[in-house]
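Just below is one structure, and these are the notes that go with it.
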Amino acid sequence: DLMRPAALYERRWFGKQAFSNGVGGDVDATVPLSSRTQLALSASSVRQTIDLNGDQDGWRTAAGADLLQQFSGGATLARCSLRYGRLDATARPESLRQYGTGFLLAHKSRAVTVFGELDYTRTHGIEAQFLFGKTRRDQRWDLTGAVILNEAKLVGFAPIMRLTHTDSSANILLFDYHRTRVDFGVTRAF
């Protein structure tokens, strides 16, 4: 078993302008269930301050559980995830609850690592938002596929190509969208 507590300080910028800061803590635990299966648990709580909108100040809390299973001598990995998040903002219409689940399947060969992931997230507002006159209700599906070129490493970093499609349906137009994104980057296993 492994447990890692941490103190957190976060600072975010948007468009080169200071956006928010936060202070809190988090704890992660990993529990082996067998030689090929493990359970990863996480929990965090952060007191956030939004620079330009004090109505969004408040406590942001998250909890998650991941069940990981290795197959084929470790070359194939499956992960099932459950997530819960909440924001208790100063203004109740800005507060929300979020529930999610996901499934990931990955296979590593000498030349490439390929993986696919399907995630589902449901978000519920606590009270009606003044601007829209509705309480937020939305659900989002994310489908991701990626390839890591293991043999094309440069100083330990391997190229990654990732395609993600998001379908979000919501009762408030701001959160109702479809998006397809392509990412190119580098990654490194530690």
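Tell me, what HN-Hα J-couplings in whole Hz come from the Karplus equation 6.51 cos²θ - 1.76 cosθ + 1.60 at θ = phi - 60° for each residue of segment 146-159, using x for Gly and Pro?
Ordered by residue, 3J(HN,Hα) equals 8, 9, 10, 8, 5, 8, 9, 6, 10, 6, x, 9, 10, x Hz.
Take each of the peptides 98-110, 30-42, average the number of other beta-carbon atoms within 10 Å over its residues, and list them starting from the highest.
Values: 98-110: 14.6, 30-42: 13.0.
Ranked from most to least packed, the peptides come out as 98-110, 30-42.
Note down the net charge around L143, summing +1 for each Lys or Arg and -1 for each Asp or Glu among other residues with Cβ under 15 Å from its Cβ.
The answer is -1.
What does the charge count around T90 come to, taking other residues whose C-beta lies under 15 Å from its C-beta (Lys +1, Arg +1, Asp -1, Glu -1)? It would help to have the intermediate numbers written out before the result.
Numbers: positive: R47, R60, R86, R92; negative: D51, D55, D57, D88, E94, E127.
Here the count lands on -2.
Under 19 Å between alpha carbons, and skipping anything fewer than 8 positions from K108 in its own chain: which aspartates and glutamates qualify?
Answer for K108, where 19 Å is the Cα cut-off: E117, E151, listed by chain and number.
In square nanometres, what is one fourth of the surface area of the convex hull spanned by the alpha carbons of segment 96-190?
Numbers: hull surface 30.0 nm².
The directionally averaged projection comes out at 7.5 nm².
Using the heavy atoms of the protein chains alone and a 1.4 angstrom probe, what is the accessible area of the chain per residue in square angstrom? Walk me through the numbers before you get to the answer.
Details: 12120 Å² over 190 residues.
On a per-residue basis, 64 Å².
Just want to confirm a number: the relative contact order over segment 1-132, from Cα pairs under 8 angstrom separated by 6+ residues, in percent.
Reported as a whole number, the value is 15 percent.
Please report the relative contact order for segment 71-190, taking Cα pairs under 8 Å with a sequence separation of at least 6, and give it as a percent rounded to a whole number. The partial results should precede the final answer.
Details: 290 pairs, mean separation 21.2, N = 120.
Across segment 71-190, relative contact order equals 18 percent.
Which peptide among 58-65, 2-9 comes first, and what is the full order, when sorted by highest mean count of other Cβ atoms within 10 Å? Write down the numbers at each step before the final one.
On the way: 58-65: 16.5, 2-9: 9.9.
In decreasing order of mean packing, 58-65, 2-9 become 58-65, 2-9.
Could you list which residues have their amide H under 5 Å from that of N171, counting only those 5 or more apart in sequence or on another chain, with H placed in the peptide plane?
Correct list: R137.
Would you mind counting up the charge near T101? Only other residues with Cβ under 14 Å from its Cβ, with Lys and Arg at +1 and Asp and Glu at -1.
Working: positive: R79, R83, R122, R140; negative: D66, E117, D119, D142.
Value of the local net charge: 0.
Between [x] 62, 37, 31; [y] 54, 37, 32; [z] 116, 46, 27, which entry matches Cα extents along the principal axes in Å as derived from the coordinates of this structure?
[y]
The values are calculated or read from the model by the stated rules, or taken from the named source; none is laboratory data. Given the structure is predicted, the values throughout are model-derived calculations rather than measurements. In this analysis, Cβ positions are derived from the backbone assuming ideal geometry, glycine residues included, and neighbour counts consider all displayed protein chains. Quick note on the areas: whole protein, heavy atoms, side chains included, nothing else; ligands and nucleic acids left out. Shrake-Rupley method; radii C 1.70, N 1.55, O 1.52, S 1.80 Å.
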